[in-house]
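The values are calculated or read from the model by the stated rules, or taken from the named source; none is laboratory data. Everything numeric here is computed off the predicted structure, so don't read it as measured data. For neighbour counting, all protein chains shown are included, and Cβ atoms are generated from backbone atoms with ideal geometry for every residue, glycine included.
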Amino acid sequence: MSKEPEPEGKADESKDPETDPNDLSPADVKIILLGDSAVGKTKLVERFLMDEYNPQQLSTYALTMFRKNLDIDGKNVKVDIWDTAGQERFNKMHPAYYHRAHACILCFDVTRKATYQHLGAWYDEMRDACENIPCILVANKIDIDYQVTKKNFKFASSKNIPFYFVSAADGTNVVKVFRAAVESALDYKDNSGDFMNEAYKLLDDA
């Protein structure tokens, strides 16, 4: 039996970039995660995506990219979330990781003091590659001991960046952090005045 032709003007929904999970067309914003190995970066992304979890392995650079569409103020925003996929064990990220990033979520594990002590090195490397992008600091694994939320972590105030206590295990503040990162990324993209960002925007609009 021959297949009936699609009605004129009807698009193939399987290839719709807003519904196709394998779509790799350019995103509106790129969010990167940084921090020591095993601080829970991947678990935070999985908690945020939940049933939409569908990573794209970028094997050339040992990186993993996650794609999600978000509604921000009535506008559909295509978000790429980049995870380190273990590359942070080498204490330096591949330059491709930072390329065209619009915001960063910097993570540490409240149960491991060394991961907090290493934040400065991660922050400096990020700033060397992306001088002006917004950065959010998150303290993960607070579900292990909620008393830790009473502690004063001075790194965020010293860098004048937002700070959240989060838990990938129970979901505390996870959605709030990622939405804040996307909103700040959009604001940076539209209003930063950064020369390279403006150049990339012109290329995207061409």
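For segment 126-147, what are the residues that are touching a strand residue (DSSP E or B) at 6+ places or on another chain (Cβ under 8 Å), without any contact (Cβ under 8 Å) to a residue 40 or more places away in the chain and either part of a helix (DSSP H, G or I) or among the small types (Gly, Ala, Ser) (or both)?
Within segment 126-147, Ala139, Ile142 qualify.
Out of curiosity, is Ala129 surrounded by 17 or more Cβ atoms within 10 Å (Cβ to Cβ), out of contact with any Leu (no Cβ under 6 Å at 6 or more places or on another chain), under 21 Å from Ser37 (Cβ atoms) and of a type in the set (A, V, I, L, M)?
Criteria not met by Ala129.
What number goes with the only condition from (1) surrounded by 12 or more Cβ atoms within 10 Å (Cβ to Cβ); (2) touching a strand residue (DSSP E or B) at 6+ places or on another chain (Cβ under 8 Å) that Asn76 does not pass?
Result: Asn76 passes all but (1).
Could you go through segment 158-168 and let me know if any residue there is at pLDDT 95 or above, under 18 Å from Val39 (Cβ atoms), assigned to a helix (DSSP H, G or I) and in contact with a Phe, Trp or Tyr (Cβ under 6 Å, 6 or more places away or on another chain).
no
What are the residues in segment 95-125 that are over 19 Å from Val29 (Cα atoms) and in a loop (DSSP other than H, G, I, E, B), if any?
Result: Val110, Thr111, Arg112, His118.
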